[in-house]
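Okay, so here's the structure we're looking at.
The numbers here are math on the coordinates, done by the rules we state, and not lab data. All values reported here derive from a predicted model rather than from experimental measurement. Positions of Cβ are backbone-derived with ideal geometry, glycine not excepted, and every protein chain shown enters the neighbour counts.
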Amino acid sequence: MSNIELSFSKFTGEMKMSGMKPSCEELEKRISELEAELEKRGRTEQELRETNERMRAIFEHSPAGIALTTLEGKVISINQAITDKIGYTLEELQKRNAAEFYQSPRDREELLEKVRRDGFVRNHEVSLRAKDGSTFIGLVNMILVKARKDMYLLTMIEDITGLRLSLETLQASEERFRYILKYNPSAIAVLDTGLRFIMVSDVFLTEYAINGKEIIGLHHDEIFPETPQRMKEVYQRVLAGAVERMEEDQFLRLDGSLVYNRWECRPWYETDGGIGGIIFYSEVTTGRKLAEEALRERQELTQTLLDNLTSGVVVKDFQDRYLLVNRKAAEVIGKSSEEIIGKTPFDLYPREIAENIHRDDMQTIESGKVVVTEERLRLDDDRIYFTTKVPIFARDGSPKGLCGLFTDITERKLAEKALRESEAHLQAIFNNAAIGIALTDPEGHLVQVNRQLVEMLGYDSKEELLSKSTLDITHPEDREACRKVMLEMVSGAIDSFRMEKRYLKRDGSHIWVDISVTEICNQDGSILALVGVVFDISERMRNEQALRESEARLQAIFNNAEVGIALSDPSGRLVQVNRHFLEMLGYESQEEVIFQTPLELTHPEDREASRRLLQQMASGAIDAFRVEKRYLRRDGSYFWGDITVTAIRNQDGS
């Protein structure tokens with residue numbers, strides 16, 4: 001037997017023989033190998049069938065849709081999930097192109113471009129259309145498969161419409177939350193467990209003066225390096241699950257400013273229940289705190305000012321309840337401010353007084369007008385108070401209450417009474433004075449005159465005289481001097497003057513008067529009026545004229561007498577001598593003898609006797625004496641004279 005070679009095709013099982021004839025041993029060996037190969041091949045085909053069955057089961061029962069198509073879109077195979085989702089059977093799909101199930105044909109074109117380029121597409125979202133026309137969002141994964149010489153697309157589609165809606169809802173919810181947080185009127189900050197900022201409200205940025213800074217992702221201490229240790233401990237307790245708050249707190253910023261705030265800090269939780277960080281709610285109350293302090297200071301200042309007023313001040317509401325009283329008001333009412341606030345007049349006063357007060361209060365509130373009264377506020381006190389009640393209105397114009405001011409005018413009333421009595425007394429004096437009194441305006445017009453001045457000037461009535469001015473009744477020769485001194489007074493150069501002048505009487509005659517004029521001024525110093533006191537000095541002027549005439553006569557006698565006459569002062573010195581006296585002593589002028597004494601002109605031997613007589617006269621023992629003695633002439637000679645000396649005394653005898 002020729003040599004034969006047996007061979008088996010691994011894939012077909014076809015046996016071929018070639019070559020030389022084998023030996024029996026070789027043939028048996030080859031047969032054994034063939035049997036082993038066949039046995040192995042049987043096992044592989046079994047495993048392959050089992051694998052195919054498992055793959056088919058996965059393919060059929062996968063919750064995700066799986067489809068095998070050609071690149072041109074011809075459907076080769078689909079699983080049940082595809083049928084359930086789009087409503088087509090395999091037979092129906094095989095009659096259609098896969099591109100028909102895309103909402104936008106462009107989506108499939110983009111997928112094909114990508115899968116041809118990369119060999120796969122992962123997690124690509126497209127909108128797909130079902131048999132009934134509805135659409136859904138599919139998450140598409142594709143892989144390019146090569147079978148023999150052909151290329152296929154293995155496509156897995158997962159319906160994520162619900163997930164997408166959930167994500168969109170969640171995203172919208174998160175956006176709403178961020179929007180609400182951003183524009184929340186409170187200062188809110190959300191931080192993670194590492195105290196890094198996640199979200200903050202705009203108010204938080206504004207209130208803590210960190211506008212313009214990007215703080216998201218930054219650590220809390222980077223923004224607030226001045227955070228006190230106590231707050232850091234608060235954050236740690238909150239991260240451990242505590243909720244902490246403080247109604248009033250303060251902390252010092254690095255720039256030295258003091259910030260007042262109220263805050264609450266609580267943890268926020270992840271979906272798994274774990275703490276995700278902290279939420280810090282706060283309200284910066286610095287402005288309010290400063291405003292409250294300023295208001296309190298203003299209230300204290302107002303109360304201090306009110307308490308130092310000499311008038312009582314009260315504020316009441318529209319129900320006549322006391323809302324505010326100052327110290328003086330409390331003293332007048334006789335109770336402390338704590339006992340008064342919230343009470344009505346009926347709680348504080350006897351009914352008679354309370355009814356009067358309440359009536360005036362209600363009149364003020366209801367009429368909206370100021371009410372002014374004089375009243376007694378206590379039965380056990382006769383003091384009188386001047387009360388002004390002013391209505392207080394709300395912004396809408398409705399009555400809100402009143403403010404009452406009352407001042408003790410008892411002394412003023414007594415003073416007014418005394419003034420009235422004084423005025424009556426002065427008026428009586430003015431009218432009945434024995435001297436003339438006139439009141440004029442600054443221009444000199446008569447405003448008021450008394451009866452004596454009317455009679456002095458011969459007028460029938462005051463009214464007739466009041467039609468004149470002071471210059472009208474002044475003698476023409478005295479008017480210029482009067483006008484000049486009046487101008488000086490009006491200009492402020494002088495504030496009073498006194499002068500003697502002539503007044504014209506009604507009948508044209510004149511009288512001499514001594515007038516004293518004084519100004520009456522306002523508080524600002526301007527002249528309100530002028531008052532003149534007028535004395536009729538006509539009689540005195542006549543007497544003075546007569547005296548002057550008498551003196552002239554006596555002087556003529558003195559000068560022309562044929563005897564020597566000398567006048568000396570109380571000390572004995574000569575003050576005046578006549579011509580004959582000079583001739584007798586040999587002197588030429590008075591100046592030569594004036595200031596000498598009679599003793600100096602007396603002969604030395606006669607001086608002692610003359611001195612004794614003069615001493616007796618000075619003491620008042622005698623008023624006159626007569627003596628004969630010798631006088632010395634200028635040339636030293638002497639002559640004998642008969643001397644008569646008489647004392648001229650004052651009313652007191654000196």
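Dividing the mean sequence gap of close Cα pairs (under 8 Å, 6+ apart) by how many residues segment 166-289 holds gives a relative contact order of 24 percent. Per-residue Cβ neighbour counts within 10 Å put Met362, Met156, Met142 in the sequence Met362, Met156, Met142, beginning with the fewest.
Multiplying the residue separation of Glu300 and Arg164 by 0.36 nm and removing their Cα-Cα distance gives an extension gain of 42.5 nm. Computed from Cα positions, the angle between helix 351-367 and the longest principal axis of the chain comes to roughly 70 degrees. When each of Phe136, Phe197 is scored by the number of other beta-carbon atoms lying within 10 Å, the sequence from fewest to most is Phe136, Phe197. Rounded, prolate or oblate: pick one for segment 351-477, where a ≥ b ≥ c are the square roots of the eigenvalues of its C-alpha gyration tensor, a/c under 1.5 means rounded, and failing that, prolate if a/b is larger than b/c, else oblate. Judged from the Cα gyration tensor, segment 351-477 comes out prolate (a/c at least 1.5, a/b above b/c).
Normalised by the number of residues in the chain, the mean separation of alpha-carbon contacts (under 8 Å, six or more apart) gives a relative contact order of 4 percent. Comparing Asn261, Tyr281, Leu167 along the charge dipole axis of segment 166-289, the residue lying farthest to the positive side is Asn261, per the Cβ-charge model. Between Glu366 and Glu175, the FRET efficiency from the beta-carbon distance, with R0 = 41 Å, is close to 0.10.
Among the lysines of segment 309-408, pairs at least eight places apart or on separate chains and with Cα atoms under 14 Å apart come to 7. Placing unit charges on the Cβ atoms only, positive for Lys and Arg and negative for Asp and Glu, gives the chain a dipole magnitude near 1640 debye about its Cα centre. Lysine pair count for segment 62-159 with Cα-Cα distance under 24 Å and sequence separation of 8 or more or different chains is 13.
Inter-label distance, Arg376 to Ile429: 3.4 nm, where each label sits 7 Å from its Cα along the C-beta direction. What you get for segment 561-646, charging only the Cβ of Lys and Arg (+1) and of Asp and Glu (-1), is a dipole of about 220 debye around the Cα centre.
What order do you get for Val325, Val145 when you list them from fewest to most C-beta neighbours inside 10 Å?
Numbers: Val325 27, Val145 12.
By the 10 Å Cβ count, ascending: Val145, Val325.
Rounded, prolate or oblate: which one fits segment 417-487, using the alpha carbon gyration tensor with axes a ≥ b ≥ c (rounded when a/c is under 1.5, else prolate when a/b beats b/c, else oblate)? If you can, show how the numbers build up before the last one.
Values: a/c = 2.51, a/b = 1.70, b/c = 1.48.
Prolate is the answer for segment 417-487, as a/c is 1.5 or above and a/b outweighs b/c.
Between the residues Ser77, Pro442, Leu348, the greatest Cα displacement towards the positive end of the dipole of the chain, with unit charges on the Cβ of Lys, Arg, Asp and Glu, is found for Ser77.
Rounded to the nearest 10 degrees, the inclination of helix 105-118 to the longest alpha-carbon principal axis of the chain is 70 degrees. Taking the centroid of alpha carbons for each part, segment 466-545 and segment 376-427 are 43 Å apart. In the chain, helices alone account for a calculated mean residue ellipticity at 222 nm of -12000 deg cm²/dmol, with every DSSP H run of four or more residues adding -39,500 (n - 2.57). On the beta carbon distance between Arg129 and Asn184, with R0 = 35 Å, the FRET formula returns roughly 0.20. Put simply, the convex hull of the Cα atoms in segment 166-289 casts, on average, a shadow of 8.1 nm². Remark: segment 342-465 carries a charge dipole of roughly 520 debye about the Cα centre, counting +1 on each Lys and Arg Cβ and -1 on each Asp and Glu Cβ.
Gain in length, Ile143 to Ser77, computed as 0.36 nm per residue apart minus the alpha-carbon separation, to one decimal in nm? Can you show the working numbers first?
Details: separation 66, 0.36 × 66 = 23.76 nm, distance 1.49 nm.
Extra length available between Ile143 and Ser77 comes to 22.3 nm.
Among Ser367, Ile565, Phe595, flag the residue with its Cα farthest along the positive direction of the charge dipole of the chain, charges on Cβ as +1 for Lys/Arg and -1 for Asp/Glu. Positive-end residue among those listed: Ser367. The calculated FRET efficiency for the pair Asp307 and Thr410, based on their C-beta separation and a Förster distance of 35 Å, comes to about 0.95.
With the convex hull of its Cα atoms as the shape, the chain has an orientation-averaged projected area of 85.6 nm².
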